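Before any comments, here is the structure.
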Amino acid sequence: MCSRPPPSLAPGGKMKKFNIRKVLDGLTAVSSPSPSPQLGSKENELIPETLQSEHFQLCKTVRHGFPYQPSSMAFDPVQKILAIGTQSGALRLFGRPGVECYCQHESGAAVIQLQFLINEGALVSALADDSIHLWNLRQKRPAVLHSLKFNKERITFCHLPFQSKWLYIGSERGNIHIVNVESFTLSGYTIMWNKAIELSSKAHPGPVVHISDNPMDEGKLIIGFESGIVVLWDLKSKRADYRYTYDEAIHSVAWHHEGKQFICSHSDGTLTIWNIKSPAKPVQTITPHGKQPKDGKKPEPCKPILKVEYKTTRAGDPFMIFSGGLSYDTVGRRPCLTVMHGKSTAVLEMDYPIVDFLTLCETPYPNDFQEPYAVVVLLEKDLVVIDLAQNGYPIFENPYPMMIHESPVTSCEYLADCPVDLIPALYSVGSRQKRQGYSKKEWPISGGNWGLGTQSYPEIIITGHADGSVKFWDASAIMLQVLYKLKTAKVFEKARCKEEKPSTEIVDEDPFAIQLMSWCPESRMLCVAGVSAHVIIYRFSKQEITTEVVQLLEVRLQYELNDLESPEGGGDQTPAPPTPSTSPSPQTAGPQTHPSTSSNSSDGMRDNIPCLKVRSSPLKQSPGYQVELVVQLVWVSGEPPQQISSLAINSCYGLVVFGNSNGLAVVDYLQKTVLLNLGTMELYGSNDPYQRQLRSPRKSRQPSGGLCDINEGSATSEDRCKSPTSDNRDNSFSRSRSSSVTSIDKESREAITSFYFCETYTRKADGGLTPSLWVGTSLGTVLAISLNMPPAGEQRLLQPVIVSPCGTLNRLKGSVLRMAFLDSTGSLLPSAFEPWYEPNAPANGEERDKVRKRRPVSVSPSTSQELNENQYAVVCSEKQAKVIALPSQTCVFKHNITETSFVLRADVVQMNTGICVACFCANGHIMTLSLPGLRPLLDVNYLPLTNMRIARTFCFSNLGQALYLTSPTEIQRITYSQEVCENLQEMLGELFTPVETPEAPNRGFFKGLFGGGAQSLDREELFGETGAGKAPRSLAQHIPGPGGIEGMKGAASGIVGDLARARIALDERGQKLSDVEERTAAMMASADSFSKHAHEMMLKCKDKKWYQF
């Protein structure tokens, strides 16, 4: 059974009447003169257009994936929010699964360090350009409140003590400056390097690599210098209490929570543990991964230990966790994190180099037992969280969509508003693919709250990858979650034959990489084209099967012209001067539909060999996508097959079509046969507009298209493309376009670039709709192929599908990118499809027979008999868009999209109130055009094209959604719908939630009596303007941030304001509030207690809050 969805009718909106006879002023300016379109006799044919420019607005929505090139990390232990900074100045914040946020520092400088103001809803970032920034996280889109740019010092390290407003900043010169994070001003209090080390060293101690205060005494600051010197500084007396010297460079320092000992990690792979009152030598020196010589000598040096953390537990031994430190003879060993706990040492291997790690602890207070429960490890290309509480240290299953780049993404498709049963079906088969052995505990990064978005339609993103895998993602409601992964490489032999010289592969690496994907969501049929000129067709099944033999078709697709000026292109040929006469030249090999008797290939030349070898052993296929058929292009007379440039599948007709720069092939995947195999030129029949014989005379043959020699006079169509384009898309994106050349040389063969299956009028005289395939080429030609389908049911499998080219329909400037069809009312006509059925059900199943015998529902033209035209074809090329009336084939609207650039991606998309053409240009412009009138509705200079990745992955979808790969690891989603932009704030999650700060640890009676507990310090008195004076103005420049006003509003409104807004919104929707009353009361109570707590904090600090300025 095939069915067609009903034409989508505009459910409302402003109706704009258009007279089809009028071609709009200003939209018809073209470089070549073209006649005004001639229409039928009706003067007043009207088609309503509902979309207006006010329906469009462009904005970024969310960014998914792993932060590209991460450089730093921080965690708020109370809010349970993780922040990651990158080398390009990006900031990514993660809360519970589904709560994530992306921000960008304007300068684009690398983020070298991040520090949360714990439980305050704020974050300090330090950048490589020596600036520090204060971010307000109390709003859905965080913004910078203050910035401070240092002029004379290079920032190397920052430290903000818990519940303090004074930020310590260490510099490359070895000095320490202090910043008030509320006003973002510098204190006059400075610790100069020469004062800190005095006479303990003759040389400069190097940059500051560590600063932290003693957990038990806020007045004592430990400063680590790179050269190996550590200083314990007394803030009140402004002098050093102790200096600790070691002859190896220091990378990091960590305290024991009692403040009596600290540990340093060094460049020779050693850890030194010091008592604060014994500066002469370390209490203990260990080389965890060094071989211990028997004669008591020093162990062999190891690689540097880049970071160490020392965490205590009440019940047992402390944890010592560090990265690096492996011995130099472990060549090829992967990067490691070492966890030392008591007498056990666990070495945890990582897949990528370690950027940073943090130990998550139960308490935010540094002077209490730390009770570590997990370690977050930031790798160059992954985020790993290790469970410290379970034996064997298992990792947590990462719920964020961070493995988009597991293998590089090579292609992308996006479907918004897809069939509702798809996501559950893909999830059910994908859930069986889950790995085992993860920690049983909940993911520890659990802060924030989800948004209250009302967007309810399902969305799916499909990514094709370099290793041949295809991933399906649930992208509904600005979330992203992997549903199912398909490995297409399983179809081929793994061990490729080495004896075969030379190899038949046409790419050096990633021979299975996915280039194109065509998907029918209703039937769930999937078709992929790979880089090795192979096409695989998949069916979806919920049952496991074993395929004894993978079905294979080999197709010999070649360019029909033999270029006499370069004879190596076509076998053994005798070069002859190019003349307009038809000099005989040998025919190399015909298409598979008319096989030639001789292959004309010399000895040892590769011929009729595919690039990859399909596996010969039985293939066990799990539930999900199961291979139905493999089609491979073969080598022709020593010439490798050209890569596939276009692909389409139609489940109603049971056909797949693919094309390249040589021609196209139509495959019947039900009967497993090649129906048509034609060179591009043969598609034209006798009406080829291009003077190909000037370069390459060829023998006149009479295949199915009735080909005959052409002369110069045939290329007279006014409307044809006058600038043939090269199909070689290289990274430069510059294309040479000559406006007068109409002959085609070998380098710019006419490639097949676009397909569309539809029921339409293929000829002007057609009285009814017939199944057909429309074909677009790189020279802007639109051609049609008529499909004569046998009756459904058994006959479909027995009788052949008759395929016949119908010649040229129209021409545009530039390569054809997209085609679609509208009915007589201007509504989109989707392709016919067959609903999904279980392919592995018993063969005699009644359900299956019922499904098989239904025919496609065609839209009857009787509904529009009063109109002269029954359908409109929409064709978009790199340069222009046209709307063509059918069956008369008259161009009724034309719009030149760009003169100086070219369109990379175009899609005909359904919006809430109508349909439009959406285009992305190489110059960075995103545009939408109305249909059928092709009025410009949106034109925004969004993103200048910087690399191939964006061009390859950019796609538009319905309801104003679009996406592209912004980096090798991240998907950026954008919207061009005004409605989505308006609702975005509501849909975004909240990072900051009101949480009580845990109580401070008890000092105990004896500690209080004998003064053994934590010592507090009046930092205001020491660092404030009265105590320390002002810092020199030239040292740093204060810059107010753009988020100041909004930040104040966000912080002031608080949770009560949010509740009020939510209440109004609910009233407006006419929903009852009874079910949320209890929650509202609870949240009000929580807000009340939070405000009391905040008031107590205010009294304690006697200072204004950080967000006031």
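The values are calculated or read from the model by the stated rules, or taken from the named source; none is laboratory data. Quick caveat, the model's predicted, so the values are computed rather than measured. Note that we place each Cβ from the backbone using ideal geometry, even for glycine, and neighbour counts take in every protein chain shown. Calculation scope for accessible area: heavy atoms of the full protein, side chains included, ligands and nucleic acids excluded. Shrake-Rupley method; radii C 1.70, N 1.55, O 1.52, S 1.80 Å.
Could you compute the FRET efficiency for Ser616 and Arg435, with r as their C-beta to C-beta distance and R0 at 35 Å, rounded to 0.05?
0.70
How would you rank 280-293, 649-662, highest first, on the average number of other Cβ atoms within 10 Å across their residues?
649-662, 280-293
Leaving out ligands, DNA and RNA, what percent of the accessible area of the range 46-121 is carbon and sulfur, probe 1.4 Å?
C and S atoms contribute 46 percent here.
In debye, nearest 20, what is the charge dipole magnitude of the range 229-310 about its Cα centre with +1 on Lys and Arg Cβ and -1 on Asp and Glu Cβ, if you could check?
The dipole of the range 229-310 has a size of about 160 debye.
Could you check the spin-label model distance between Ala203 and Val507? Points 7 Å from the Cα along Cα→Cβ, value in nm.
Each label point lies 7 Å from its Cα, and together they span 5.1 nm.
Sequence-distant or interchain residues sharing an amide H contact under 5 Å with Gln621, placed H: which?
Ile545, Thr546, Thr547
Based on the Kirkwood radius over alpha-carbon pairs, what value in µm²/s does the Stokes-Einstein equation return for the translational diffusion coefficient of the range 104-146 at 10 °C and 1.306 mPa s?
The calculation lands on 150 µm²/s.
Under a point spin-label approximation (7 Å from Cα along Cα-to-Cβ), what is the Tyr457-Lys490 distance to one decimal in nm?
3.3
Can you give me the C-alpha center-to-center distance between the range 56-70 and the range 617-645, rounded to a whole angstrom?
Here the two parts' Cα centres lie 35 Å apart.
Figure the gain on full extension for Arg314 and Asp421 (residue separation times 0.36 nm, minus the Cα-Cα span) and round it to one decimal in nm.
33.4 nm
If packing is taken as the average count of other Cβ atoms within 10 Å, what order do 879-888, 361-370 fall into, highest mean first?
879-888, 361-370
Glu362 versus Asp241, label points 7 Å from Cα toward the beta carbon: distance in nm?
2.8
With charges only on Cβ, +1 for K and R and -1 for D and E, what is the dipole size of the range 411-498 about its Cα centre, in debye, rounded to 20?
800
How far, in nm, would the chain grow between Val549 and Glu899 when pulled straight, counting 0.36 nm per residue and subtracting the alpha carbon separation?
Answer, rounded to one decimal: 120.8 nm.
Roughly how far apart, in whole Å, are the Cα centres of the range 145-208 and the range 755-791?
73
Rounded if a/c is under 1.5, else prolate if a/b beats b/c, else oblate: with a ≥ b ≥ c from the C-alpha gyration tensor eigenvalues square-rooted, which is the range 258-411?
Since a/c reaches 1.5 but b/c is at least a/b, the shape of the range 258-411 is classed as oblate.
Residues of the range 646-672 with the amide nitrogen closer than 17 Å to a label point 7 Å from the Cα of Leu797, along Cα-to-Cβ, please.
652-655, 668-672
What do the square roots of 5 times the Cα gyration tensor eigenvalues come to for the range 227-274, in whole Å, largest first, as semi-axes of the equivalent ellipsoid?
21, 14, 7
Once neighbouring chains are kept in place and the probe is 1.4 Å, which whole percent of the accessible area of the range 233-324 is contributed by carbon and sulfur?
50
Taking the Cα centroid of the range 341-367 and of the range 314-336, what is the distance between the two, rounded to the nearest whole Å?
9
Quote the FRET efficiency, to the nearest 0.05, computed for Ala280 versus Arg334 with a Förster distance R0 of 35 Å and r equal to the Cβ-Cβ distance.
0.35
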